[in-house]
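To start, the structure under review is shown below, and the notes come after it.
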Amino acid sequence: MGFKRLDAEDFVVSADSVQSTAWSTGQPTLTEFYTNTAQMAGSSGNYYVSVYQTGSSLQGAAVQFDIAYGNKVGSGSSYFNDFFPQFTPSSTTYGQYRTMILEDENSSFTYGDGSNTHTPEDFWVISPDRARYKESIFPGTLNLHLKVGSNTIKLTDNSNDVTIQTFIGSSRVYQLVSGSNGSAYNSTGYQPGSGSYGLLFPELGTILLNPDALSAAINLNSNKSADLTNGNNQDTLFAAINSAEYFEMNSQETITSDFVFCRARNSEFNYSSNPSFISGSTGQVLFPDFINNPQVYMTTVGMYNDSNECIAVAKLSRPLQKDFTKEALIRVKLDF
């Protein structure tokens with residue numbers, strides 16, 4: 001065993017962006033959708049409905065995304081208290097996303113841009129489970145189909161159509177348009193007079209849908225009735241997703257790696273510390289060839305801190321022969 005202190009130039013930090021399928025099925029497209037009656041009947045069911053990739057009674061069911069409904073004035077769900085009709089689960093949801101995204105409790109969500117913008121009083125929100133989208137949703141891979149009766153619309157983000165990145169507050173945002181794979185089918189892909197069909201916030205893992213645009217396009221209507229049974233609007237969007245049977249999305253994350261270059265020069269690491277090479281009584285080398293022409297085989301690289309504690313071990317794929325005529329450069333990759 002030999003030791004050598006690493007220098008600053010022996011370290012290189014690299015960051016790579018990695019994309020993968022989001023859904024736990026391992027497929028890029030989710031075509032089956034299930035809900036859990038116990039979750040919907042519980043207190044959380046007043047605010048959102050969880051959607052699974054398989055029947056909730058079967059082993060292996062995992063939450064893929066949640067559906068919630070937000071309304072600025074509290075319509076579309078039940079009152080917490082009849083004396084305060086403006087406070088409902090829908091108003092709570094609207095306020096939560098307004099604070100998180102708009103960073104202003106008095107603002108409203110606006111869809112579209114240019115001469116075609118719209119500010120409705122409500123929204124549907126799809127929140128993929130945190131484990132599904134990892135660091136962020138990969139723009140251009142979002143394809144969501146919605147179907148009501150014989151009417152179907154195919155939605156995607158407009159990441160391939162824009163040249164200037166836009167933000168709402170501190171969050172990167174894309175408009176949802178009629179199209180596929182990050183591009184609108186024609187023009188802007190907006191609904192005339194109603195702006196875009198929604199907003200995608202990749203880093204937040206949040207998809208907001210514009211009910212007014214969807215109502216005009218495929219008759220997908222949110223119910224803005226006062227003191228409405230909780231969950232009604234969530235079920236409406238779930239039914240449209242379930243009927244279309246197509247939700248595609250990939251995740252994206254940055255993998256940071258440390259590369260450590262361990263150098264063994266021709267004059268270094270040519271002798272073994274194996275006690276069988278040394279006489280136990282005289283301390284002499286037992287094999288003369290080991291003095292003038294040593295040959296050893298490197299198999300492992302260990303990394304130690306200043307307290308001589310081993311903190312990482314790298315195994316070579318095969319033993320590497322080393323003598324005075326050979327030098328070795330071993331690249332060790334540490335992922336975290």
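The values are calculated or read from the model by the stated rules, or taken from the named source; none is laboratory data. As the structure is a computational prediction, the values presented were derived from the model and not from experiment. All Cβ positions, even for glycine, are placed from backbone atoms using ideal geometry, and neighbour counts span all protein chains on display. The accessibility values were calculated without ligands, DNA or RNA, using every heavy atom of the protein model including side chains. Shrake-Rupley method; radii C 1.70, N 1.55, O 1.52, S 1.80 Å.
Some notes on this structure:
- Of the residues Ala216, Ala184, the single one that is open to solvent by 50 Å² or more (accessible area, probe 1.4 Å) and not basic (Lys, Arg) is Ala216.
- Residue that is farthest from Asp335 (Cα to Cα), among those in the stretch 225-257 that are of a type in the set (A, V, I, L, M, F, W, C) and assigned to a loop (DSSP other than H, G, I, E, B): Ala226
- Across the stretch 115-136, the number of residues qualifying as over 25 Å from the mean Cα position of the chain (by Cα) and in a loop (DSSP other than H, G, I, E, B) comes to 4.
- Strands (runs of 3 or more DSSP E) contained entirely in the stretch 8-114, each with at least 2 residues that are within 20 Å of the chain's Cα centre (by Cα) and closer than 27 Å to Glu135 by Cβ: 11-21, 48-52, 63-71
Listed here are the residues, each with its yes/no results for (1) at pLDDT 95 or above; (2) farther than 30 Å from Arg265 by Cα; (3) out of contact with any Pro (no Cβ under 9 Å at 6 or more places or on another chain).
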| site | (1), (2), (3) |
| --- | --- |
| Leu30 | yes, yes, yes |
| Gln39 | no, yes, yes |
| Gly42 | no, yes, yes |
| Asn46 | no, yes, no |
| Val49 | yes, yes, yes |
| Gln59 | no, yes, yes |
| Gln64 | yes, yes, no |
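- Residue pairs whose Cβ atoms lie under 7 Å apart, separated by 6 or more positions or on different chains, with the first residue in the stretch 184-201 and touching a residue at least 40 places away in the same chain (Cβ under 8 Å) and the second open to solvent by less than 20 Å² (accessible area, probe 1.4 Å) and among the acidic types (Asp, Glu), are Leu200/Asp157.
- Residue under evaluation Gln321, criteria (1) of a type outside the set (Gly, Ala, Ser); (2) farther than 21 Å from Asp7 by Cα; (3) touching a residue at least 60 places away in the same chain (Cβ under 8 Å), criterion not met: (3)
- Members of the stretch 19-44 found to be touching a residue at least 40 places away in the same chain (Cβ under 8 Å) and either open to solvent by 60 Å² or more (accessible area, probe 1.4 Å) or basic (Lys, Arg) (or both), listed by number: Gln19, Thr31, Glu32, Met40
- Being in a loop (DSSP other than H, G, I, E, B) and open to solvent by 70 Å² or more (accessible area, probe 1.4 Å) holds for only one residue in Lys326, Lys315, and it is Lys326.
- Scanning the stretch 258-301 for residues that are without any contact (Cβ under 8 Å) to a residue 12 or more places away in the chain, open to solvent by less than 60 Å² (accessible area, probe 1.4 Å) and part of a strand (DSSP E or B) turns up just one, Val285.
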